[in-house]
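Heads up: the structure comes next, in structure tokens.
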Amino acid sequence: MTPILEIKKLYKSFGGLLALNNISFNINRGEIIGLVGPNGAGKTTLFNCVAGIERPTEGQILFANRDRTISISGKKPEAVTALGIARTFQNIRLFDNLTVVDNVKIGRHCRTRSLFFGAVIRNRFQQAEEKEIAESANQFLEFAGLKGRGEEIASSLPYGDQRRLEIARALATEPHLLMLDEPAAGMNPQESRDLMDLIRRIRDKGITVLLIEHDMKVVMGVCERVVVINHGEWLAEGKPQDVQNNPKVIEAYLGTGAAGAA
Amino acid sequence: MGNLKLQNLTRAAKIRIGLLILTLILPFFPFVTDYMLHIAILIFLYMILALGLNIVPGFNGLLDLGFVGFYGIGAYTSGLLTYHFGLSYWVIIPLAFINGAIWGILLGAPTLRLTGDYFAIVTFGFSELVVLFLTNEIWLTRGPLGLPGIDVVSINLSLFGGPKWEFVGELPYYYLAIVMVLVTVFVMYRIQDSRLGRAWFAIRDDEVAAVSCGINLLGYKVIAFAISAAFGAVGGSFFARWVTFLSPDMFKFWESFLILCMIVLGGMGNIWGVMIGALVLVSLSEILRELLPLLGLPVEVRFLAFGLIMVLMMRYRPAGLMPIPAVAAKMRAGRIKRKKVKATVGMKQ
């Protein structure tokens with residue numbers, strides 16, 4: 001089985017700072033994979049490179065979209081989304097002034113087509129499309145557990161629901177690969193459990209999930225495989241339990257000498 | 001449409017229909033003079049312009065200081081086509097719309113990559129360029145001499161054996177302006193509640209999130225700019241056939257600023273707010289024009305008054321008279337919080 005995403009020898013430098021240094025790993029289709037590492041390890045930079053927000057300095061990112069494999073390094077973010085990679089953000093980025101349902105409707109953007117004349121004339125095509133957008137937006141809201149909240153203003157939602165809304169919006173783009181950037185940050189234990197359940201349900205729909213997370217309970221509970229990076233370098237990869245006991249990983253998190261103590 | 005009964009309508013709809021009927025019968029009140037109708041038409045014209053400009057700062061969150069450039073282009077398109085070819089106004093409207101949109105794309109496509117203030121400076125430069133062009137290209141525009149004797153609007157039915165009816169006086173223009181405002185408002189409402197409008201609102205709220213929803217930033221900004229410019233040009237085309245005289249100094253930067261003030265005053269992004277902004281500022285300008293000489297002040301003092309109003313608005317109602325709903329909700333929340341803080345402080349004392 002071909003991996004859905006192959007990251008090959010990826011480098012990214014910001015001036016003199018090497019944020020990503022020769023990172024290579026694969027993501028298999030249909031798995032939930034965790035990307036962990038201490039603060040400043042380059043996890044979000046890696047996300048941004050895959051999502052097209054940053055252009056990698058060197059290296060390749062290959063995305064298997066159904067039967068074709070395409071290089072997406074350096075592609076524009078909107079093109080990456082259209083190919084089937086969606087993401088959420090570490091510091092929630094919702095459309096604050098819009099309603100919850102409009103946020104999800106905007107997620108449908110790349111799968112719909114009407115423009116100015118459709119909007120003004122409201123021809124049959126536009127009406128059918130608008131109906132489809134509204135229906136599917138409500139389905140995604142229900143899937144994310146936000147049923148009946150559609151008319152609230154996005155910024156008025158509680159924190160945990162805002163995270164869910166961001167996931168619903170990302171799902172509305174019909175991705176093959178969903179990248180979640182610290183989805184459990186700031187959540188209480190109950191909310192994280194619900195989140196883990198949501199992530200599993202997303203995977204059961206056939207969507208591959210790549211997850212950055214600091215909350216080890218979530219990582220251990222939901223990920224099938226974990227990739228650890230530190231200082232922009234690949235450090236370890238494997239099953240969550242194995243990685244957790246890897247001396248190099250403990251050292252990266254707790255400092256030199258901690259591995260012996262543990 | 002059989003269910004259009006009065007009791008089925010919401011309160012807001014009743015108010016709107018009432019206002020529309022009042023506007024339609026206004027000229028028949030005995031106290032209404034031609035001068036008042038003239039001011040009313042001016043208000044409608046600025047409503048069209050403010051609604052057009054509103055697309056860029058209100059819907060997309062981009063500062064546009066050069067809107068008057070498109071207004072000028074539309075006016076001279078209309079004026080020159082009438083002057084040289086005697087085209088009917090009904091043909092000129094779509095031509096002005098298209099010409100405005102073309103210039104919007106020509107200016108927007110290369111410059112909308114710029115962010116915030118830099119883009120604003122480019123638009124400002126553009127509007128100045130338009131004025132310079134209109135002043136100096138005498139072979140085309142007659143320059144500072146202006147373009148006099150533009151035909152009035154007429155409805156010519158002679159092709160079908162009907163009469164030719166020329167617009168004389170303010171009254172026909174009054175109703176023409178109402179129709180144009182209604183069409184503009186209709187288009188704005190339709191856009192607001194569509195895929196295009198949502199994409200714009202997404203860009204306004206968060207560009208990075210918008211792009212990761214698959215929205216092509218540059219593409220949608222150019223569309224916004226083009227449509228905005230097109231409405232500016234349509235406003236200009238009306239202006240040319242209404243006042244029947246054009247000169248380059250009618251399209252100075254001051255006009256852009258005035259239209260922007262209307263949007264800020266009324267509530268950026270809110271269609272009703274923007275129209276109220278136009279109503280308030282145009283009528284205030286006329287009232288002050290009458291009032292200031294009585295107080296022994298020069299009429300230019302009214303610009304000072306506008307400045308003062310904007311300062312006060314920024315201090316007390318930064319989101320405008322009628323903010324968009326989410327902004328209004330946030331402001332209410334802020335006010336409640338402030339009240340609570342005051343209440344707790346009070347209790348401690």
Checklist entry - Out of (1) within 23 Å of B:Val211 (Cα to Cα); (2) under 16 Å from the mean Cα position of the chain (by Cα), what's the single condition that is false for A:Arg55? => result (2)
Checklist entry - Tally time: how many residues in the range B:311-325 are over 17 Å from B:Asn54 (Cα atoms) and open to solvent by less than 80 Å² (accessible area, probe 1.4 Å)? => result 1
Checklist entry - Can you name every residue in the range A:147-168 that is under 12 Å from A:Thr99 (Cβ atoms) and either of a type outside the set (Lys, Arg) or part of a helix (DSSP H, G or I) (or both)? => result A:Gly150, A:Glu151, A:Glu152, A:Ile153, A:Ala154, A:Ser155, A:Ser156, A:Leu157, A:Leu165
Item to check | Members of the range A:168-193 that are touching a residue at least 60 places away in the same chain (Cβ under 8 Å), among the aliphatic types (A, V, I, L, M) and either in contact with a strand residue (DSSP E or B) (Cβ under 9 Å, 6 or more places away or on another chain) or open to solvent by 10 Å² or more (accessible area, probe 1.4 Å) (or both) | outcome: A:Ala170, A:Leu171, A:Ala172, A:Leu177, A:Leu178, A:Met179, A:Leu180, A:Ala185
Next on the checklist: Scan the range B:218-227 and tell me whether some residue there is touching a Lys or Arg at 6+ places or on another chain (Cβ under 9 Å) and either open to solvent by 20 Å² or more (accessible area, probe 1.4 Å) or not in a helix (DSSP H, G or I) (or both).
Outcome noted: yes
Next on the checklist: Quick check on B:Phe133: is it open to solvent by 40 Å² or more (accessible area, probe 1.4 Å) and free of Cβ contacts under 8 Å to residues at least 40 places away in the same chain?
Outcome noted: yes
Item to check | Filtered residue count, the range B:179-206, keeping only those that are more than 7 Å from chain A (Cβ to nearest Cβ), more than 18 Å from the chain's Cα centre (by Cα) and of a type in the set (A, V, I, L, M) | outcome: 1
Next on the checklist: Going by what's in this entry, would B:Phe251 be described as assigned by TED's automatic domain parsing to the domain that holds B:Leu106, modelled with pLDDT of 95 or more, open to solvent by less than 10 Å² (accessible area, probe 1.4 Å) and not basic (Lys, Arg)?
Outcome noted: no
Checklist outcome for this item: In the range A:97-115, anything at pLDDT 90 or above and among the hydrophobic types (A, V, I, L, M, F, W, C) is listed as A:Leu98, A:Val100, A:Val101, A:Val104, A:Ile106, A:Cys110
Checklist entry - Does the range A:79-100 hold any residues that are open to solvent by 30 Å² or more (accessible area, probe 1.4 Å) and facing chain B (nearest Cβ under 7 Å), and which are they? => result A:Ala82, A:Arg93, A:Asp96, A:Asn97
Checklist outcome for this item: Within the range B:173-206, residues surrounded by fewer than 17 Cβ atoms within 10 Å (Cβ to Cβ) and assigned to a helix (DSSP H, G or I) come out as B:Tyr175, B:Val179, B:Leu182, B:Val183, B:Phe186, B:Tyr189
Checklist entry - Hey, does the range B:83-91 have a residue that's part of a helix (DSSP H, G or I), in contact with a strand residue (DSSP E or B) (Cβ under 9 Å, 6 or more places away or on another chain) and loosely packed, with under 15 Cβ neighbours inside 10 Å? => result yes
Item to check | Considering residues of the range B:207-216 that are at the interface with another protein chain (Cβ under 7 Å from one of its Cβ atoms) and in a helix (DSSP H, G or I) only, the residue surrounded by the most Cβ atoms within 10 Å (Cβ to Cβ) | outcome: B:Ser212
Checklist entry - Does A:Phe63 meet the test of being assigned to a strand (DSSP E or B), closer than 22 Å to A:Ala172 by Cα, in contact with a strand residue (DSSP E or B) (Cβ under 8 Å, 6 or more places away or on another chain) and more than 9 Å from chain B (Cβ to nearest Cβ)? => result yes
Checklist entry - Just checking, which of B:Leu112, B:Leu140 is open to solvent by 30 Å² or more (accessible area, probe 1.4 Å) and closer than 24 Å to B:Glu255 by Cβ? => result B:Leu140
Checklist entry - Are there any pairs with C-beta distances below 7 angstrom linking a residue in the range A:151-163 that is among the basic types (Lys, Arg) to a residue that is open to solvent by less than 70 Å² (accessible area, probe 1.4 Å) and assigned to a helix (DSSP H, G or I), with the two at least 6 apart or on different chains, and if so which? => result none
Checklist outcome for this item: Residues of the range A:105-126 being open to solvent by 40 Å² or more (accessible area, probe 1.4 Å) and within 11 Å of another protein chain (Cβ to nearest Cβ), in sequence order, are A:Arg111, A:Arg113, A:Leu115, A:Phe117, A:Ile121, A:Arg122
Checklist entry - Is it fair to say B:Phe245 is open to solvent by 10 Å² or more (accessible area, probe 1.4 Å), hydrophobic (A, V, I, L, M, F, W, C) and within 11 Å of the chain's Cα centre (by Cα)? => result no
Checklist entry - Could you say whether any residue in the range A:204-227 is buried (at least 18 other Cβ atoms within 10 Å of the Cβ) and acidic (Asp, Glu)? => result yes
Next on the checklist: Just to be sure I understand, how many residues within the range A:66-77 are facing chain B (nearest Cβ under 10 Å) and open to solvent by 30 Å² or more (accessible area, probe 1.4 Å)?
Outcome noted: 1
Next on the checklist: A:Pro240 - would you say it is in contact with a strand residue (DSSP E or B) (Cβ under 7 Å, 6 or more places away or on another chain) and in contact (Cβ under 8 Å) with a residue 12 or more places away in the chain?
Outcome noted: yes
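The values are calculated or read from the model by the stated rules, or taken from the named source; none is laboratory data. As the structure is a prediction and not an experimental result, all values here were calculated from the model. No Cβ is skipped: glycine too gets one built from the backbone with ideal geometry, and neighbour counts run over all protein chains shown. To get the accessible areas, we keep the full protein, side chains included, count just its heavy atoms, and leave off ligands, DNA and RNA. Shrake-Rupley method; radii C 1.70, N 1.55, O 1.52, S 1.80 Å.
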